[in-house]
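Structure first, commentary second.
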């Protein structure tokens with residue numbers, strides 16, 4: 001027998017409390033889980049690329065990324081600018 005998905009309750013809640021269909025609710029929940037499950041090193045490299053392409057300089061990028069990490073719903077470690085730079089550049 002297939003195990004129920006632990007997120008089924010969240011999907012059902014969204015379907016009850018929003019005008020979204022259960023299928024759309026499932027996609028939304030899956031997207032949110034994927035976003036907050038991104039490994040920190042991958043997140044750092046991705047955000048660095050995004051912010052660089054927006055024209056920001058590294059000091060501002062590192063400060064912004066450090067702030068963004070504190071706002072994640074799943075706590076990321078507190079990282080200094082040096083730790084961020086090392087994760088991005090090796």
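Each reported figure results from applying straightforward, stated rules to the coordinates on display, with no laboratory input. This one's a predicted model, so the numbers in the text were calculated from it and none came from an experiment. Counting neighbours? That spans all protein chains shown, and the Cβs are built from the backbone with ideal geometry, glycine included.
For residue 13 and residue 45, compute 0.36 nm times the residue count separating them, minus their Cα-Cα distance, and round to one decimal in nm.
Working: separation 32, 0.36 × 32 = 11.52 nm, distance 3.41 nm.
Extending this stretch completely gives an extra 8.1 nm.
How large is the helix-only mean residue ellipticity at 222 nm for the chain, computed as the sum of -39500 (n - 2.57) over DSSP H runs with n ≥ 4, divided by its residue count, in deg cm²/dmol to the nearest 500?
When only DSSP H runs of four or more count, the value is -21000 deg cm²/dmol.
Residue separation times 0.36 nm, minus the C-alpha to C-alpha distance between residue 86 and residue 20: what's the value?
Values: separation 66, 0.36 × 66 = 23.76 nm, distance 4.22 nm.
Contour length minus Cα-Cα distance gives 19.5 nm.
Could you list the square roots of 5 times each eigenvalue of the Cα gyration tensor of the range 40-89, that is, the equivalent ellipsoid semi-axes, sorted largest first and rounded to whole Å?
16, 11, 10
Under a point spin-label approximation (7 Å from Cα along Cα-to-Cβ), what is the residue 63-residue 38 distance to one decimal in nm?
2.2
Quick one: length gained pulling residue 54 to residue 72 fully straight, 0.36 nm per residue minus the C-alpha distance? Show your work: numbers first, answer last.
Working: separation 18, 0.36 × 18 = 6.48 nm, distance 2.14 nm.
So the extension gain works out to 4.3 nm.
Working from Cα positions, state the angle (0 to 90°, nearest 10) between the long axis of helix 58-70 and the longest principal axis of the chain.
30
Just to be sure I understand the curve: with the Debye formula and one point per C-alpha of the chain, what is log10 I(q)/I(0) at q = 0.12, 0.20 Å⁻¹?
Computed log10 I(q)/I(0) values: -0.52, -0.89.
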